[in-house]
Amino acid sequence: MPELIWRPMTAGDLDGVCTVAAVGFPDHFEDRDCFADRMALYPEGCRVLSDGDRVLGYRIAYPSRRGSIPPLNSRLSALPADADILYLHDLALRPEARGGGHAQADIVALIDQARTDGWPAVALVAVNDAQAFWTRQGFAIDAFPDVRAKLASYGPDAVYMIRPL
């Protein structure tokens, strides 16, 4: 396999992002417009893992409010003016790109970026039994009030997690 590198996401990557999302999150459908919305609002939080020809992974993160969890496949239209956290919307890799430390490398890059930009924490919703993975990355379940109802569309194993910086 050619060398894989993380680089900024472009509009030309969106079809590849959708392909990776369908593999990584088969029970959590989000369409191309959802990803385009996030990229338009906060391009510095959007990256892809590429071999030069194909998108083999992606990451989408953007400023948000603690405890704010957008419904699946929704548009944001704007970022909150009073954002107080960086929200990791998705991090996904195709199976052939897993196991090489690529996810870990991007998590480190995201945490470094969040610190540099002055965010006090990064939050995410763990799905697909990924809670243990995110715990190893320094995230912990956040018992933010009323978050359970917001997690309903993400499935019964979904948990809201946060990593203070």
Among residues of region 22-51, those that are of a type in the set (Gly, Ala, Ser), closer than 19 Å to ALA105 by Cα and part of a helix (DSSP H, G or I), counted: 2
Starting from residues that are in a loop (DSSP other than H, G, I, E, B) and of a type in the set (Lys, Arg), keep the ones in region 52-91 and report whichever is nearest to VAL23 (Cα to Cα). ARG54
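Name the residue, out of ARG94, ARG38, that is in contact with a His (Cβ under 8 Å, 6 or more places away or on another chain) and of a type outside the set (Asp, Glu).
Working: ARG94 fails: in contact with a His (Cβ under 8 Å, 6 or more places away or on another chain).
So the residue among ARG94, ARG38 that is in contact with a His (Cβ under 8 Å, 6 or more places away or on another chain) and of a type outside the set (Asp, Glu) is ARG38.
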For residues that are of a type outside the set (Gly, Ala, Ser), in contact (Cβ under 8 Å) with a residue 24 or more places away in the chain and part of a loop (DSSP other than H, G, I, E, B), tally how many sit in region 118-165. 14
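Every read-out reported here was derived from the displayed coordinates using simple, explicitly stated rules and does not represent laboratory data. These numbers come from a predicted model, not from an experiment. Methodologically, a virtual Cβ is constructed for each residue, glycine included, from the backbone with ideal geometry; neighbour enumeration extends over all protein chains shown.
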